[in-house]
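Notes follow once the structure below has been shown.
The values are calculated or read from the model by the stated rules, or taken from the named source; none is laboratory data. Everything quoted here is computed from the prediction, not taken from an experiment. In this analysis, Cβ positions are derived from the backbone assuming ideal geometry, glycine residues included, and neighbour counts consider all displayed protein chains. Surface accessibility is based on the protein's heavy atoms, side chains included, excluding ligands, DNA and RNA. Shrake-Rupley method; radii C 1.70, N 1.55, O 1.52, S 1.80 Å.
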Amino acid sequence: MKRGRKKVRGPEAEETLCCCEYLDRKGQRSHLAACFCECEDLDEGCERWLTCRSLPPGTLERIADTVTDRFRLPWLRGAVKVDISLLPPIILLPVFLHIAALHLLLALVILISLPVLVLWYYYLTHRKKGQTLFFLSLGLFSLGYMYYVFLQEVVPRGHVSTSQVILLTCGLILMLVALSQAKRDPGYLPCQTSSDKALCQGGNVNNNNISNRNDLESSKGLYTAAVPDIAMNSYPEGYASVLEAGTGGITEDWCTKCHLVRPARAGHCRICGRCVKRLDHHCVWINSCVGEQNHQAFILALSLFLLTSVYGISLTLDTICRGKATIKALFYCPGVYGDYSSALSFTCVWYCTIVTSGMGYILLIQLLNISYNVTEREARIALKENTGRRLLWGMVVDTGQYHRGILHNWIQFLTLRSSDLQCSTEDIV
C-alpha cells in the first residue's frame, strides 16, 4: 500500500505540522496513521523468511532505520521521535525482577543472565561505535524503580525512620544533580567539518595557518603536522603552550575529522564525533564523553551513587532480615521467599548489589588512574604501543609521562576546571 507524500522542507513545513505529523528522514511530510505504509523492505523480509530465503545485504539495517524513524509520539508542533533503546529497560526490568521474586532458582537464573545480556549489548554497540540511550535509561530507571520498591515494600513495615528515608532521598537527589553536571560539555574542542564550515562551539582555530598538509603522514584519522612559528600567534594560549613545547620543527596532532590541532592529552571520540580536552573515555552510562570539564562531576556522581546504594541496601536488609548483620543477611536470610513482598525486596537488593559492585570497580579504576595521572585512553594507547607498565595487579597502567606524585596528581585533577577557566579568561583579554 503506497500513499502519496508531499515533500516539504524548512521552517514553513514545521509551522504547518499538526500533532500527528512529522518530517521523516527523507524530508517528506508524513502522518502517524501512515506508519505501516510503504513497508516494502519489511514485506520482502517477511516473504523471504517464510520461504526460507536469505535477505539481501542491508535489508535489516533499512528496516531498523525505518522503524526508528517512525516510532513517534504526538506533540504540539508535530510528532516527536522516541529513541527505541529507551524502552527495553523500562519494560523488561520490572518483569524480570517480579519473575525472579517467585522462586530462588528463578532469581539465580535472572540475576546471572541480566549482567550477561547487558555486557553483550555493550560489546554489540561498542563494536558499531554508535550512540545509545539504553544504558542511561537502564541506570536512571533502575534508580527510580529501586526507590519505588523501597517506599512501597520496605518503608511500610515500620522499621525505617523518617530521617533515614529523608537521608536516602537527599543522597539520591544529590547523585542526580552530579549526574546532570557530568552530562554537560566534557570539554569539546572547536571543529570544522567538510559539511559544516562554521566552527562548532568553543572557539576559533584558523586552519589556513597550517601549511604543507599534502606532506602530512596519516595514522588512524590523525595527521602529525609541522607547525610553522607564524602559526603560534594565531592559536589561543591553551594551544600555544603545547606548540612551544618543542624546539626547531614543532610537531602536533592534527585531527582530520574536526579539522583542528589538538592540545596535549586531547583525543577524538569516534562515538560523539568530537575532539575532547583531556579525553578519558566515552561512558555509555551517561551517553557522553568524560573529559576535562566533567571528569570531577563524573567521579562525584559515582561516589554518591555508591554511598546511597550501600545505605539503601543496608536499610532494606535490616528490615526484611531482622537480627542479622548486613553482610550475613545478604547471603543467608531464611524464609525470605515465603513472602512475595520480602522476596521482591531481597531480589532488588541483590540486583543493586550487582550494579553497585560494577560501579565500585569503575570508581576504583578511576581513582587509581587519577593517582597516577593517566587517562583510560592514554592507558590503552600505552598498552597497545608497549610503552607503559602495569601496576597493582594490572588495575592501573603507569605511562610515566604525566606522573608527578600522588598528591600533585590529585591537586592537578581537582583544579582542572579552574585552570581551564583561567586560560579562557586570558584568551578573552
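Only one residue in GLY78, GLY130 is outside any helix (DSSP H, G or I) and either aliphatic (A, V, I, L, M) or on the phi > 0 side of the Ramachandran plot (or both). Which one?
Values: GLY130 fails: either aliphatic (A, V, I, L, M) or on the phi > 0 side of the Ramachandran plot (or both).
Just one listed residue meets the conditions, GLY78.
Residues SER314, SER303: which one is surrounded by fewer than 20 Cβ atoms within 10 Å (Cβ to Cβ), closer than 23 Å to VAL396 by Cα and at pLDDT 95 or above?
On the way: SER314 fails: closer than 23 Å to VAL396 by Cα.
Result of the check over SER314, SER303: SER303.
Can you report the number of residues in the range 358-374 which are of a type in the set (Phe, Trp, Tyr) and in contact with a His (Cβ under 7 Å, 6 or more places away or on another chain)? If you could, list the steps in order and put the result at the bottom.
Residues of the range 358-374 that are of a type in the set (Phe, Trp, Tyr), as a first pass: 361, 372.
Still in the list and also in contact with a His (Cβ under 7 Å, 6 or more places away or on another chain): 372.
The qualifying residues number 1.
Under 7 Å between Cβ atoms, which residue pairs at least 6 apart in sequence (or on different chains) link something in the range 367-394 that is under 21 Å from LEU306 (Cβ atoms) with a partner that is hydroxyl-bearing (Ser, Thr, Tyr)?
ASN369/THR375
Can you tell me which residue among ALA64, ALA100 is in contact with a helix residue (DSSP H, G or I) (Cβ under 8 Å, 6 or more places away or on another chain) and under 23 Å from PHE134 (Cα atoms)?
The conditions single out ALA100.
Tally up the residues in the range 37-51 that are free of Cβ contacts under 8 Å to residues at least 12 places away in the same chain and hydrophobic (A, V, I, L, M, F, W, C), please.
3
Name the residues in the range 237-258 that are open to solvent by less than 50 Å² (accessible area, probe 1.4 Å) and modelled with pLDDT of 50 or more, would you?
The answer is GLU252, TRP254, CYS255, THR256, CYS258.
Given (1) at negative phi; (2) of a type outside the set (S, T, N, Q); (3) in contact with a helix residue (DSSP H, G or I) (Cβ under 7 Å, 6 or more places away or on another chain), where does ARG380 come up short, assuming only one miss?
(3)
Can you name the residue in the range 377-429 that is closer than 26 Å to ALA297 by Cβ and of a type in the set (Ser, Thr, Tyr) and, of all such residues, is modelled with the lowest pLDDT?
Only one residue fits best here, namely THR425.
Taking the conditions exactly as written (assigned to a helix (DSSP H, G or I), of a type outside the set (Ser, Thr, Tyr), open to solvent by less than 100 Å² (accessible area, probe 1.4 Å) and modelled with pLDDT of 80 or more), does ILE99 satisfy them or not?
yes
Check VAL290, VAL349, VAL336 and return the single one that is buried (at least 18 other Cβ atoms within 10 Å of the Cβ) and farther than 17 Å from VAL154 by Cα.
The unique qualifying residue is VAL290.
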